[in-house]
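First the structure, in the form of C-alpha cells, and then the observations on it.
The values are calculated or read from the model by the stated rules, or taken from the named source; none is laboratory data. If you're wondering where the values come from, they're calculated on a predicted model, not measured in any experiment. Neighbour counts run over all protein chains shown; Cβ positions are idealised from the backbone, glycine included.
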Amino acid sequence: MKFFSKKNKKFLWAVIFLIIVVFIFSRGGNNPVKGSVLYLTSPFLKTFRVFSGGTEGFFHFLGSIGDLKSENEKILEENKALLAKNALLKDIEGENKLLREQMELLPRKEYELESSFVIAQDPLGMGNYLFIDKGENSGIKAGMPVIVSKGILAGKITEVYPNSAKVVLVNEKSSAINSEIEESGAKGIVKGAYGLGLMMDMISQSEMVKEGDAVITSGLGGDMPRGLYIGKIKEVGQSADKLFQQSTIISPVDFSSLRVVSVIKKY
Amino acid sequence: MRNFFFVIFCAAVVFLQVSSAGVIFGSERVPNFALALVISLVLVLGFEKSLAWIILTGILVDVYSGWIIGMDALVMIIIAWVVSALLSVADIKSRKSLFFPALFLLSAGFALIYDILAGIFMHVAILWLNIGGSYFRVNYSGWDYTFKIFFTALSVYAVYYFVERINRLFSRPAPAFVRK
C-alpha cells in the first residue's frame, strides 16, 4: 500500500490546514468568527432548545426510576423544613423592615437584571458552560454574575460577543467564588469538581460546618453581590494537606435544563 | 442540491447536540451526534468525499465549545481517517448481518477514543500554545459516561439512515424525460 496515496495526501493537507487554523485562532482571533456564527445561528438554536423542553430529561428519567421513591421522601421532608423556615423568614423580614425604618436606613438595592435565553451548551457533555442570546449590545460585560430564580447563582459571564455571551457555570473547575456559610459565617471558596458538582474549599479548621448548611456568595473581592444562594452542604471532609476543611455542595439548579437565566448588570 | 442538503443536515446535527441534547439526555450524558455523523459520512461517502462536511461539522462544534476553533475538527478528521482505514481492511458494509452490531461497536469505541484524543489535544494546546483554560477532564467511570457512550452508539443508526437517504436521493439518475 502506497503511503502517499491520494486519500492520505488529502488527510495530511487537512491536518496541516487545521493546525494552522488552531494556531491562528489560539492567538485570540476567534471572536469575530464565533460572534458572527452565534449571531446567525442563535434563532435556530433557541428554537431547538425551546422545542426540546417537552422531552426534558426523558432519557435521564429512564436511568433513575429506582431512585425516585427515596428522592420523593427526601423532598417531602425538605419541603416541611422549608415551610417552617419560610414562616420564620417572613417574620424576620417584617422585623427588618421596621428596624430599617426606625434607624433610617435605605432599603436594600434591587438588582438590575437582563433576562436572556440559553441557546447552547457544552457540546462535549461536561455541562460547564452555556451560551446566552444577549451580549454587548444589551450592556452585558465579562465578569457579570448570572442567576436563576431571582437569586440562585448559576455562573459568570466570561466572553461577550455583540449578540451573545458565554457563561461559565459554577461547577466548572476553573471557576472560584468567594463564599460563606450562612449559619456560621465561615468563609471559603466554591469551585467546580471536574463536572461532578460543587466543592467548598479553604474553610478554616476552627469553623463549624454541618450537613444541610446553606452556602451563599460572600461578596468579598467585589466581583459578585453578597447573598446569592449557591447550594447546601452535603458532606464535610479535610483537604489533602489537612490544613483546611472541604465540603461538597448540592446546587438546586439543574444546569442541563436551563432555558432562561438573568444577568446581574448592576448591584 | 445534494451539497445544500448536507450543509443543512450537518448544521442540524450540531444544533441538536449543543442546544437540545443536554435537555433531553442530561448534561453528563450528551451523546456525541457529531461523531455519529462523521462515522456515517465516511461509511456512506468515503473519506475523501466527506472531508469538507467533516471540517464544517468540526468547526461548528468548535464555535459552541470552549475550544480553539479547529481543535474538534482536527480530532474528527483523525477519527474519520482511522475509520476509513479500518473499512479498507474489513468491509463491514457488505456483511449485512454483522453490519448493525459492528456499527454499534465501532461508534462506541470511537466515542471513547474521541474523548481521549480531545483530552490530549487540550493538554497540548494549553502547554504549547500558552493559552488559559481548564483541562478537559472526563470521568470515564460511572453510569453517566456509560450512558453517554451507549446513546452515541445508538444515535449512529439514526444519523446513518439520514445520510444514506440524502445520498441516495441525489445519486439517482434523472428520469428519462429530464435527460432528453
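Can you pull out the residues in the stretch A:227-265 that are part of a loop (DSSP other than H, G, I, E, B) and surrounded by 14 or more Cβ atoms within 10 Å (Cβ to Cβ)? If you could, list the steps in order and put the result at the bottom.
Our first condition is that a residue be part of a loop (DSSP other than H, G, I, E, B); within the stretch A:227-265, this holds for A:227-228, A:239-244, A:251-254, A:258-259.
Listed by number, the residues that qualify are A:Gly227, A:Leu228, A:Phe244, A:Ser251, A:Val253, A:Asp254, A:Leu258, A:Arg259.
Find the residue count for the stretch B:95-123, including only residues that are closer than 10 Å to B:Ala153 by Cβ and in contact (Cβ under 8 Å) with a residue 60 or more places away in the chain.
Adding up the residues that qualify gives 5.
State yes or no: is A:Gly231 at pLDDT 85 or above and touching a strand residue (DSSP E or B) at 6+ places or on another chain (Cβ under 8 Å)?
Values: at pLDDT 85 or above: yes; touching a strand residue (DSSP E or B) at 6+ places or on another chain (Cβ under 8 Å): yes.
Yes: the conditions hold for A:Gly231.
Within the stretch A:210-226, identify whether any single residue is surrounded by 13 or more Cβ atoms within 10 Å (Cβ to Cβ) and within 14 Å of another protein chain (Cβ to nearest Cβ), and answer yes or no.
For the stretch A:210-226, residues surrounded by 13 or more Cβ atoms within 10 Å (Cβ to Cβ) and within 14 Å of another protein chain (Cβ to nearest Cβ): absent.
Please specify each residue of the stretch A:83-121 satisfying the condition of being within 28 Å of the chain's Cα centre (by Cα), acidic (Asp, Glu) and at pLDDT below 80.
Within the stretch A:83-121, A:Glu110 is the sole residue that qualifies.
If you take the residues in the stretch A:160-198 that are modelled with pLDDT of 85 or more and facing another protein chain (nearest Cβ under 9 Å), which one is nearest to B:Tyr145 (Cα to Cα)?
Looking at residues that are modelled with pLDDT of 85 or more and facing another protein chain (nearest Cβ under 9 Å), I get A:Val168.
What single numbered condition from (1) modelled with pLDDT under 90; (2) under 28 Å from B:Trp143 (Cβ atoms) fails to hold for B:Ile39?
Every listed condition holds for B:Ile39 apart from (1).
Is at least one residue of the stretch A:52-75 facing chain B (nearest Cβ under 10 Å), over 20 Å from B:Leu129 (Cα atoms), at pLDDT 70 or above and part of a helix (DSSP H, G or I)?
Let us first name the residues in the stretch A:52-75 that are facing chain B (nearest Cβ under 10 Å), namely A:52-64.
Those left that are additionally over 20 Å from B:Leu129 (Cα atoms): A:52-64.
With at pLDDT 70 or above added as a condition, the list becomes A:52.
Now drop any that are not part of a helix (DSSP H, G or I), which leaves A:52.
Yes, the stretch A:52-75 contains at least one residue that is facing chain B (nearest Cβ under 10 Å), over 20 Å from B:Leu129 (Cα atoms), at pLDDT 70 or above and part of a helix (DSSP H, G or I).
Before we move on, is B:Met71 farther than 16 Å from A:Val37 by Cα, surrounded by 19 or more Cβ atoms within 10 Å (Cβ to Cβ) and modelled with pLDDT of 90 or more?
When the stated conditions are applied, B:Met71 does not pass them.
In the stretch B:148-171, which residues are surrounded by fewer than 20 Cβ atoms within 10 Å (Cβ to Cβ) and of a type in the set (Phe, Trp, Tyr)?
B:Phe150, B:Tyr157, B:Tyr161, B:Phe162, B:Phe170
Looking at the stretch B:62-98, which of its residues are touching a helix residue (DSSP H, G or I) at 6+ places or on another chain (Cβ under 6 Å) and closer than 15 Å to A:Lys7 by Cα?
Within the stretch B:62-98, B:Ile77, B:Ile79, B:Ala80, B:Trp81, B:Val83, B:Ser84 qualify.
Among the candidates A:Ala165, A:Ala142, A:Ala154, A:Ala120, single out the residue that is touching a strand residue (DSSP E or B) at 6+ places or on another chain (Cβ under 9 Å) and within 21 Å of A:Met200 (Cβ to Cβ).
Working: A:Ala165 fails: within 21 Å of A:Met200 (Cβ to Cβ); A:Ala142 fails: within 21 Å of A:Met200 (Cβ to Cβ); A:Ala120 fails: within 21 Å of A:Met200 (Cβ to Cβ).
Exactly one residue qualifies, and that residue is A:Ala154.
Is it true that A:Ser36 is surrounded by 10 or more Cβ atoms within 10 Å (Cβ to Cβ), at pLDDT 75 or above, within 30 Å of B:Asp72 (Cα to Cα) and under 26 Å from the mean Cα position of the chain (by Cα)?
When the stated conditions are applied, A:Ser36 passes them.
Note down all Cβ pairs under 8 Å where the first residue falls in the stretch B:35-52 and is on the phi > 0 side of the Ramachandran plot, the second is part of a helix (DSSP H, G or I), and they're at least six residues apart or on different chains.
The qualifying pairs are B:Gly46/B:Ser84.
Provide a single number: the residues in the stretch B:11-51 that are more than 7 Å from chain A (Cβ to nearest Cβ), more than 22 Å from B:Phe100 (Cβ to Cβ) and surrounded by 24 or more Cβ atoms within 10 Å (Cβ to Cβ).
Going through the stretch B:11-51 one residue at a time, the tally reaches 2.
Looking at B:Ile92, B:Ile79, B:Ile59 in this structure, which one is within 19 Å of B:Leu112 (Cα to Cα), more than 7 Å from chain A (Cβ to nearest Cβ) and either of a type outside the set (Val, Ile, Thr) or in contact (Cβ under 8 Å) with a residue 12 or more places away in the chain (or both)?
Going through B:Ile92, B:Ile79, B:Ile59 in turn, the sole match is B:Ile79.
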